[in-house]
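Read through the structure below, which is laid out as structure tokens, and then see the notes.
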Amino acid sequence: MSIRFSFDGRTYQGEPGDTLASALLANGVRLMGRSFKYHRPRGPLAAGSEEPNALVEVDRGGGARTPNLRATQVELYDGLVARSQNRFPSLGFDVGAVNDAAAPVLSAGFYYKTFMAPEGAWAKLYEPLIRRAAGLGRAPEVADPDHYASRYAHCDVLVIGSGPAGLAAAVGASQTGARVILCDEQPRFGGSLLSDRNARIDGMAAADWVAAQVGTLAARPDVTLLTRTTAFGWYPDNMIGLAQRLTDHLPDPDPALPRERLWQVRAKQVVIAAGAIERPLVFSGNDRPGVMLADAARTYAVCYRAAPGRRAVIATTSDTAYRAALDLQASCVEVALIADARQVADGPLPAAARAAGIRVETGMQVLATRGRRGIRVAIVGHVDADGRVRSREWVRCSLLGMSGGWTPSLHLFSQSRGKLRYDATTETFLPGESAAAERSAGACRGVHGLEDVLLDGAMAGSAAAHDAGFDAPGPVRRRVEGAMAARWTAPVPSRRKQRRAFVDFQNDVTSKDLLLATQEGFHSIEHVKRYTTTGMATDQGKTSNMNALSIVAAELGRPVPAVGLTTFRPPYTPVTFGTLAAYSRGVLFDPVRTTPVHGWAAAHGAVFEDIGLWKRARYFPRGSEGMHGAVARECRTVRAAVGLFDASTLGKIEVVGPDAAEFMNRMYVNPWTKLAPGRCRYGLMLGENGFLLDDGVAGRLAPDRFHVTTTTGGAPRVLALMEDFLQTEWPDLRVWLTSVTEQWAVLAVQGPRARDVLTPLVDGFDISAAAMPHMSVAVGSIGGVPMRLFRVSFTGELGFEVNVPAGHAMAVWEALHARVEALGGCTYGTEAMHVLRAEKGYIIVGQESDGTATLGDLGLEWAIGKAKRDFVGKRSLNRPDMTAAGRRQLVGLLTADPGYVLDEGAQLTAHAPPPPGTRSLGHVTSSYGEATLGHSIALAMLADGRARRGETLYVQRAGGMVPVRVVDPVFLDPEGVRLNA
Amino acid sequence: MKHFSAARLAREALRGQSGWTEHWRSPDRPAHAYDAVIVGGGGHGLATAYYLAKQHGIRRVAVLEKGWLGGGNTGRNTTIIRSNYLMEESAALYNHAVKLWEGLSRELNYNVMFSPRGVMMLAHTVHDVQVGKRHVYANQLAGVDNDWLSPDQAQEYCPPLSLDAGMRYPVLGAALQRRGGTARHDAVAWGYARAASALGVDIVQNCEVTGIRRDAGGAVCGVDTTRGAVATRRVGVVAAGHTSVVMAQAGVRMPLESYPLQALVSEPVKPCFPCVVMSNTIHAYISQSDKGELVIGAGTDAYTSYSQQGGLHIATHTLDAICELFPQFRRMRMLRNWGGIVDVTPDRSPIIGKTPVPGLYVNCGWGTGGFKATPGSGHVFAHTMAHDAPHPINAPFALDRFRTGQLIDEAAAAAVAH
Amino acid sequence: MLLIPCPICGARPEAEFTYAGEAHIARPVDPAALDDHAWGEFLYARTNPKGDHAERWRHTHGCGRFFNALRNTHTDRFTASYLAGATRPHGTPTTESLDAPAMRSETEQWGQA
């Protein structure tokens, strides 16, 4: 069964199990991408997630287009559409390649040295050109049609990587009964065993042994097996982030399936079996298509049966590439030469290669390559220990497999804050002392040789299970045949002077760039990285960091560890934004809080606004009314008759206990001891810094019980502060705090006819002015529903706030609404509420005050209990600046034109136009059009404001200044006649 | 210091780059005595040293850096530059910096890639609109450019912005500072280092200050370092997240807490995002680097820490917000995620000035936004160290304000309302 | 996301907690007796150490209690947690011992405390 796919508009056939890279290679396509800077033609360097070159975009249609995917990881499916990137007009002919000719000018860090004149030219002229040239693929342009999932998991042992070490660890750990999660970034478990032709484990072929182990694991109920799942990051206390790819490999996925899933795994123990990555060799022309890692070539030939070339040269500094040569030869690739840079190659693998008739030359290196869009010739030569070239030979080839040894994958170990140690004999960093509950196994800690790796994995699995609290039997040693040991040896250093020898392939960093950086004084590897950009490409330096480090260390004449290794940062491979955001979108991005009346309000055409997480009805337009019309009507109706307002979002806290009054005394500026049960007080709370924190009416229901209200946004903050003081400063007080915000709906009835609305509805008690004066509270019922009735006003009118249990709120609301309508009233929203309270000069915390305002500034000192020795924030009131002259104080502003509405936020000055350097005198905090007073009004915070009453000042507006008169902030009924009606 | 120019690049291209020399001198250890010692080789510290030498003639200066130069927050931030602060004191300080940014590449002969592409701050609620307009008006009066945009105007300036009214937090407007933008962070450190070094400043890396010496009268008389003792009468501490630790060596307890601040970048893509967009309400900060990476600022972790390693939930929460604002970026991929340590003051404004210890000066508390101030901060701090008195611009940012209560509280000014 | 040892509920994820700053800064019994400098120090000066830090947490979405904990701010490793009002236990003597895996199992035992 073959699979049809397209690349750059041409259709090809592939096989099930192929990656895009293997399928293209099988079709003879080597050119898959262009490099970042020089736009050099590139083919795949690797066969896995470390690939720097072969980056493509995959377009599933409908906006599901993904840039910068590694062709080596894109699984083939029928109908796959892939395109190359970073080229114009085509991959074969890319005009950007002129950069390559200009390479001597575009040396490391060139952009720091030019484009400086004239001033401003960088941003206008040069930067747009550079930006257009930079970047790889194209960002998606429309909203992603896919969705993503997320889950948390706990396990005893998380095993990362399913090569021989990881499989053995998972089997070993899970046989103890431990909960095990095994994950691997590949579509299949087995890692390097999948491309092992020769080894037999316990008498089975490697692939069969893998299948048997996976079968064993799958049968264990406490084992979770995750393929296509990358462990990308290590977070505090053994929280590991996994990204699981669920649908990108399917031709036609069920739309109900998430595309990817984020796992956040809290693991008691972790076994890292992340393997090792082969190191490229650094020689001139080592980036031509057809030059690839030797083991990648072997993987393509063995695993995918996609011969990456017909005639191969292998260049190596280690034994492992001999196995690649042998496997390539067995896959019908002619191996023309193994050029081993070492002076001696005498292990079993070199012997086997020689026995197989392959020409092996020691002391030989690749000097350069030739070929326009892919390698055609390798120029090799014998190089002596001093780096002198003793011979030169042209070898025709279409594949150059290179191996500079192996780099253990330390990313997760390093992220777990483990200490690295340097092994000079193999020139590798290895895991040293652990900092977290983890252990490494296999090649990622420098263990090699299949038998040793299997044992190492089994031991790690057992030990991890043991440390997680399980009885673990000793590890089983597997019987291995046919795997020839390949010793790891120190790579032979690359020659110093080379023309175009690439270290970071994607970012086009050459060995010369690194030498230039050291020449220019960049001696820390972090500086070299940032100056040259080596290791900063999308492969994060997986194939380049060690080469860069050894080149810099050699140039500086310092040991490698002294130059340092750049930090391993998450993620191991790039992780989709959508996966990390997962479910958090739309209404799940932030919870929406609604009141019990919300549905009714929505059905009655309310326009809502966001206040914190709450949705509040802002106004209730009728017919063709806009906001201004609706608000003006709502205001007039409240002043003339009555209005009904949903105030349920107010924070509510019940303060209960024998010491409740004392607690209130300490938390609020007001005195509470003498407040009689049945009475209310407008409470003001300061932060310990002396600035106003919150306000709200508190009613004393009983000697030991207060019903405290807070601002809508301030409730959690106020309760947390109360709890803090109660638990940690005054644990001796017998007080209990309960948030009752959600329990009580608050239905405000405000206006001259408010009492008429309520009288027939409340169950048998007197709400007359005598029985229930302003600022009183009573407990009773309304229509059989339990009620706490507050006589309070935030409008300046006769007003009540009906508190009823939230579950009964709609019934009461509808009853109230019917009465309100009958009496010529209406519902009103937050905007009308704002206007009505402003006319009365009432502040809104967060609008008039802003966290820098004192009670004095707001004209609220009267609330302070003068006899109180202390309360939260009192000491700060005496700090020098809190009492200094010139503080901004609350005032009212009137414009000459009664119809003109000032802009909120506009600044006040003494002169118009203000001379340059004029300091602001203050700003407009609230401003509303004519609603009930016949003119617009505004509130402002003004320096020395109270002393300026009567003055004319100026307020900014678009394109000019407006004169205003400073007045008292109370515009309506300063005597409180309406309020006390 | 050899001059950098296009002509020089061409000449060096022809002769195999052999003429380039080190950007700054790197002595292995400090000299025995200096007129001033700067503790901390980040952008602010290097800028301070440069202006001390350039403008105040104090050239016997050492910058002592415990790690590698520019390796702290200078190299870890999201490079946003703006000055549209509400308080006049803040606006003056940051605007001083923006003016210096505008000529900095030529001043230093080092391309710091200042890119005034515009910084747009989104409003999502009625309260946001009020706060945003208050900023715009205050800035206009203070001579700082900042304009209020309708949602349509905002989208015109930043086409990727979605105006979908069905969003959880729709865009109701935006404040735009056109002169704001970004710069290349590493180049700022390197450019100041090179220019300071050319004026005689010694920059010593891998040199940790382990003690601050005081004479019998209590005044500063030197510092101990891992590379020997240094005599000096003036020490400027510019150690960002580690300020409390350094100041403790002089017995000074600071009003600071250090938090891990995270940032992340995507894989590079072709230009798709023209400006800087910030949303304080949903905590999203995004721009695109010249290399093509989307650069995204995340929040701080909830707890004080020096670990430079925060939780995954900080990054995911940030990407929640980015994907909510820009649903087309959901398929983009996070390439790198890292943390820095920021020192935060109680009023979220920096401290630049004298300390109770004679001869000891401190420049700290920049919280999450210090990069933008780098040139201005170094400039006024150098003035303060040279004259033993603050420049008028940094006078309000004295340590003493935490005694008097004269706070410069930008965060409180944008407090959540109602 | 940290695992935080609540002295009442055991080790729970950070998302359930609210950080509440440096511990053992008692509110003065008589604030009025403090001069401006001392009051400013009380309000704002913090030790902010790199190393053992005695700090306050609230298990907001759990038992609701404020408690104190010792955490190394360099490694983010907790070494103790204790009820508000209790005296601060001795910190760990060196940072070396913090890196030892043995500390890990102690951390987990608080889960049963």
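The values are calculated or read from the model by the stated rules, or taken from the named source; none is laboratory data. This structure is a prediction, so every number in the text was calculated from the model and none was measured. Quick reminder, even Gly has a Cβ in these numbers, built from the backbone with ideal geometry, and neighbours come from all protein chains shown. Please note that ligands, DNA and RNA were not included when accessible areas were found on the heavy atoms of the full protein model with its side chains. Shrake-Rupley method; radii C 1.70, N 1.55, O 1.52, S 1.80 Å.
Among the residues making up the range A:99-135, those that are of a type in the set (A, V, I, L, M), farther than 19 Å from residue B:181 by Cβ and touching a residue at least 24 places away in the same chain (Cβ under 8 Å) are A:103, A:106, A:108, A:133. Inside the range B:75-186, counting only strands (runs of 3 or more DSSP E) that do not spill past its ends, which hold 3 or more residues that are more than 8 Å from chain A (Cβ to nearest Cβ), surrounded by 20 or more Cβ atoms within 10 Å (Cβ to Cβ) and modelled with pLDDT of 95 or more? Output list reads B:119-123, B:173-177. Of the candidates B:285, B:303, the single residue that is more than 7 Å from every other protein chain (Cβ to nearest Cβ), of a type in the set (Phe, Trp, Tyr) and either crowded, with 23+ Cβ neighbours inside 10 Å or over 20 Å from residue A:570 (Cα atoms) (or both) is B:285. Note on the range B:311-340: residues that are more than 7 Å from chain A (Cβ to nearest Cβ) and either within 23 Å of residue A:538 (Cβ to Cβ) or open to solvent by less than 10 Å² (accessible area, probe 1.4 Å) (or both) amount to 7. The number of residues in the range A:712-734 being open to solvent by less than 10 Å² (accessible area, probe 1.4 Å) and at pLDDT 95 or above comes to 2. The residue that is surrounded by the most Cβ atoms within 10 Å (Cβ to Cβ), counting only those in the range A:400-434 that are of a type in the set (A, V, I, L, M, F, W, C) and part of a helix (DSSP H, G or I), is A:413.
Pairing each residue of the range A:803-831 that is acidic (Asp, Glu) with any residue that is assigned to a helix (DSSP H, G or I) and buried (at least 22 other Cβ atoms within 10 Å of the Cβ), provided the two are 6+ apart or on different chains, yields C-beta distances under 6 Å for A:831/A:631. Do the conditions hold for residue B:238, that is, is it under 24 Å from residue B:352 (Cα atoms) and modelled with pLDDT of 95 or more? So residue B:238 passes the test. Filtering the range A:521-535 to residues that are in a loop (DSSP other than H, G, I, E, B), at the interface with another protein chain (Cβ under 8 Å from one of its Cβ atoms) and crowded, with 24+ Cβ neighbours inside 10 Å leaves only A:522. Of the residues making up the range A:54-77, those that are open to solvent by 10 Å² or more (accessible area, probe 1.4 Å), of a type outside the set (A, V, I, L, M) and either in a loop (DSSP other than H, G, I, E, B) or touching a helix residue (DSSP H, G or I) at 6+ places or on another chain (Cβ under 9 Å) (or both) number 8. Scan the range A:78-135 for residues that are in a helix (DSSP H, G or I), small (Gly, Ala, Ser) and not assigned by TED's automatic domain parsing to the domain that holds residue A:38 and the total you get is 3.
Can you pull out the residues in the range C:58-84 that are part of a loop (DSSP other than H, G, I, E, B), at negative phi, facing another protein chain (nearest Cβ under 7 Å) and open to solvent by less than 30 Å² (accessible area, probe 1.4 Å)?
Filtering the range C:58-84 down to residues part of a loop (DSSP other than H, G, I, E, B) leaves C:59-65, C:73-77, C:84.
Within this subset, residues satisfying the condition of being at negative phi are C:59-63, C:65, C:73-75, C:77, C:84.
Pick out the ones that are also facing another protein chain (nearest Cβ under 7 Å) and you get C:65, C:73-75, C:84.
Residues satisfying the conditions are C:73, C:75.
On the given criteria, is residue B:261 open to solvent by 20 Å² or more (accessible area, probe 1.4 Å), among the aliphatic types (A, V, I, L, M) and away from chain A (no Cβ under 12 Å)? When the stated conditions are applied, residue B:261 passes them.
Residue C:11 - would you say it is within 9 Å of chain A (Cβ to nearest Cβ) and not in a strand (DSSP E or B)? It would help to see each step written out before you state the result.
On the way: within 9 Å of chain A (Cβ to nearest Cβ): yes; not in a strand (DSSP E or B): no.
In short, no.
So residue A:113 ticks every box in (1) over 30 Å from residue A:188 (Cβ atoms); (2) open to solvent by 10 Å² or more (accessible area, probe 1.4 Å); (3) facing chain B (nearest Cβ under 8 Å) but one. Which box is left unticked? Unmet for residue A:113, out of (1) over 30 Å from residue A:188 (Cβ atoms); (2) open to solvent by 10 Å² or more (accessible area, probe 1.4 Å); (3) facing chain B (nearest Cβ under 8 Å): (2).
Out of curiosity, is residue A:881 without any contact (Cβ under 8 Å) to a residue 12 or more places away in the chain and either under 19 Å from residue A:795 (Cβ atoms) or among the charged types (D, E, K, R) (or both)? If you could, list the steps in order and put the result at the bottom.
Numbers: without any contact (Cβ under 8 Å) to a residue 12 or more places away in the chain: yes; either under 19 Å from residue A:795 (Cβ atoms) or among the charged types (D, E, K, R) (or both): yes.
Answer is yes for this residue.
Set side by side, the residues A:947, A:938 differ, and just one is under 43 Å from the mean Cα position of the chain (by Cα) and modelled with pLDDT of 95 or more, which is A:938.
If you filter the range C:44-57 down to residues that are open to solvent by 20 Å² or more (accessible area, probe 1.4 Å), at the interface with chain B (Cβ under 8 Å from one of its Cβ atoms) and closer than 20 Å to residue A:873 by Cβ, you find that the one that is nearest to the chain's Cα centre (by Cα) is C:46.
Among the residues of the range B:354-372, write down those that are away from every other protein chain (no Cβ under 13 Å) and under 17 Å from the mean Cα position of the chain (by Cα). Before you say what the answer is, go through the steps one by one.
Here is the first cut: in the range B:354-372, the residues away from every other protein chain (no Cβ under 13 Å) are B:354, B:357-363, B:366-372.
Answer for the range B:354-372, where residues must be away from every other protein chain (no Cβ under 13 Å) and under 17 Å from the mean Cα position of the chain (by Cα): B:362, B:363, B:366, B:367, B:368, B:369, B:370, B:371, B:372.
Of the residues screened, residue B:269 is not one that is away from chain A (no Cβ under 12 Å) and of a type outside the set (Asp, Glu).
Hey, can you tell me all the residues within the range A:547-600 that are assigned to a helix (DSSP H, G or I), under 29 Å from residue B:269 (Cα atoms), within 11 Å of another protein chain (Cβ to nearest Cβ) and small (Gly, Ala, Ser)? Walk me through how you get there before you give the answer.
If we filter the range A:547-600 for residues that are assigned to a helix (DSSP H, G or I), which is where we start, we get A:547-556, A:560-563, A:577-581, A:586-588, A:598-600.
Filter once more, keeping what is under 29 Å from residue B:269 (Cα atoms): A:547-549, A:577-581, A:586, A:588.
Now narrow it down to the ones that are within 11 Å of another protein chain (Cβ to nearest Cβ): A:577-581, A:586, A:588.
Correct list: A:578, A:581, A:586.
Listed conditions (1) in contact with a Ser or Thr (Cβ under 6 Å, 6 or more places away or on another chain); (2) not assigned by TED's automatic domain parsing to the domain that holds residue B:248 are all met by residue B:340, apart from (1).
In this structure, residue A:165 does satisfy being touching a Cys at 6+ places or on another chain (Cβ under 9 Å) and in contact (Cβ under 8 Å) with a residue 60 or more places away in the chain.
Yes/no per residue for (1) in a loop (DSSP other than H, G, I, E, B); (2) of a type in the set (Gly, Ala, Ser):
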{"residue": "B:200", "(1), (2)": "yes, yes"}
{"residue": "B:212", "(1), (2)": "no, no"}
{"residue": "B:217", "(1), (2)": "yes, yes"}
{"residue": "B:221", "(1), (2)": "no, no"}
{"residue": "B:233", "(1), (2)": "yes, no"}
{"residue": "B:245", "(1), (2)": "no, no"}
{"residue": "B:260", "(1), (2)": "no, no"}
{"residue": "B:278", "(1), (2)": "no, no"}
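Does residue B:349 satisfy the condition of being assigned to a loop (DSSP other than H, G, I, E, B), open to solvent by less than 10 Å² (accessible area, probe 1.4 Å), more than 10 Å from chain A (Cβ to nearest Cβ) and of a type in the set (Ser, Thr, Tyr)? Here the answer is yes, as residue B:349 does meet what is asked.
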